[in-house]
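> Mind looking over this structure? Questions follow.
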Amino acid sequence: MRLLIVEDEKIAAKHLLQMLKKVHFDYEEVIIIRSVSELVAWLSKNREPDLIFLDIHLNDGNSLQVFDILKVSAPVIFVTAYDKYVIDSFKANSINYILKPIDENVLRESIAKFFKIKDYYGKGATSAPGSEPHYRKERILVRKGTAITSIPLKD
């Protein structure tokens, strides 16, 4: 599991890592980024991480700007001292919004939610969790001039 921690305060980043150990969250690699510009550069050049822990207010701006600049599909857990960006976080693959100081139970619940979502979508589900899928899309319709053509997804 590759983690990306975006936090401009070294003490806060270290505290988050300690909290992750405390809740027994295992990861193979952690990348710590300290600014919006560094985040944009890193995401532009590297494979997306499995999970992003993102502070909103960084030294060089608001990290939510990144989602206007780049298409980021990695799930995000916001860890911030500001509650006024909760609605904006929904535009950014938000799994949860944790207010500082980090509560151990909230962090544990956020990670559990991440794994639940990852497991659900990893199975390729097309319906609600716990129910049988009603259908699996095998074809798509494409307009060609005034006609509509059905094309198998495998093609």
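The values are calculated or read from the model by the stated rules, or taken from the named source; none is laboratory data. None of the values given here were measured: they were computed from a predicted structure. For neighbour counting, all protein chains shown are included, and Cβ atoms are generated from backbone atoms with ideal geometry for every residue, glycine included. Note: areas computed on protein heavy atoms with side chains; ligands, DNA, RNA excluded. Shrake-Rupley method; radii C 1.70, N 1.55, O 1.52, S 1.80 Å.
> Tell me which residues come under 5 Å, amide H to amide H, from I95 once H is placed; ignore anything under 5 positions away on its chain.
V76, I77, F78
> Given the pairs K45/K71; K21/K84; K71/K118; K21/K113; K22/K116, which span a C-alpha to C-alpha distance of over 22 angstrom in this model?
K21/K84
> For helix 10-22, report the angle its Cα long axis makes with the longest principal axis of the Cα atoms of the chain; keep it between 0 and 90° and round to the nearest 10°.
70 degrees
> Here's something else I'd like to know. With the other protein chains left in place, how much accessible area per residue, in square angstrom, belongs to the chain at a 1.4 angstrom probe?
Ligands and nucleic acids excluded, the result is 65 Å² per residue.
> What list of ³J(HN,Hα) values in whole Hz, one per residue of the stretch 23-35 in order, does the Karplus curve 6.51 cos²θ - 1.76 cosθ + 1.60 (θ = phi - 60°) give from phi, with Gly and Pro shown as x?
Karplus-based 3J(HN,Hα) across the stretch 23-35 equals 8, 6, 8, 8, 9, 8, 9, 10, 10, 10, 10, 10, 8 Hz.
> A further question on this structure: In whole percent, what relative contact order does the stretch 1-87 give with Cα contacts below 8 Å and a gap of six or more residues?
RCO, the stretch 1-87: 33 percent.
> Give me the dipole magnitude in Debye, nearest 20, for the chain about the Cα centre, with unit charges on the beta carbon: positive for Lys and Arg, negative for Asp and Glu.
680 debye
> With axes computed from alpha carbons, what is the tilt in degrees of helix 36-45 against the longest principal axis of the chain, rounded to the nearest 10 within 0 to 90?
40 degrees
> If you don't mind, another one. When you count, for each residue, the other Cβ atoms within 10 Å and take the mean per peptide, how do 18-30, 140-152 rank with the highest first?
The packing order, highest mean first, is 18-30, 140-152.
> So what J values fall out for the stretch 99-110 if you push phi through Karplus, 6.51 cos²θ - 1.76 cosθ + 1.60 with θ = phi - 60°, rounded to Hz, Gly and Pro as x?
Rounded to whole hertz, the list is 8, 7, x, 5, 8, 4, 5, 5, 5, 4, 5, 5.
> Restricting to DSSP loop positions (anything but H, G, I, E, B) with no more than 12 other Cβ atoms inside 10 Å of their own Cβ, which chymotrypsin sites (Phe, Trp or Tyr not before Pro) remain in the stretch 57-97?
none
> Separate question: If you plug each phi of the stretch 47-53 into the Karplus form 6.51 cos²θ - 1.76 cosθ + 1.60 with θ = phi - 60°, what whole-Hz ³J(HN,Hα) values come out, in order, with x for Gly and Pro?
Result, ordered by residue: 5, 4, x, 6, 8, 10, 9 Hz.
> For I32, what residues show an amide H to amide H distance below 5 Å, using hydrogens built from the backbone and excluding near sequence neighbours?
Under 5 Å from the amide H of I32 lie the amide H atoms of I5, each far enough along the sequence or on another chain.
> For the chain, what % of the accessible area comes from carbon and sulfur atoms, probe 1.4 Å?
Carbon and sulfur together cover 53 percent of it.
> Only Cα pairs under 8 Å and at least 6 apart count here; give the relative contact order of the chain as a rounded whole percent.
17 percent
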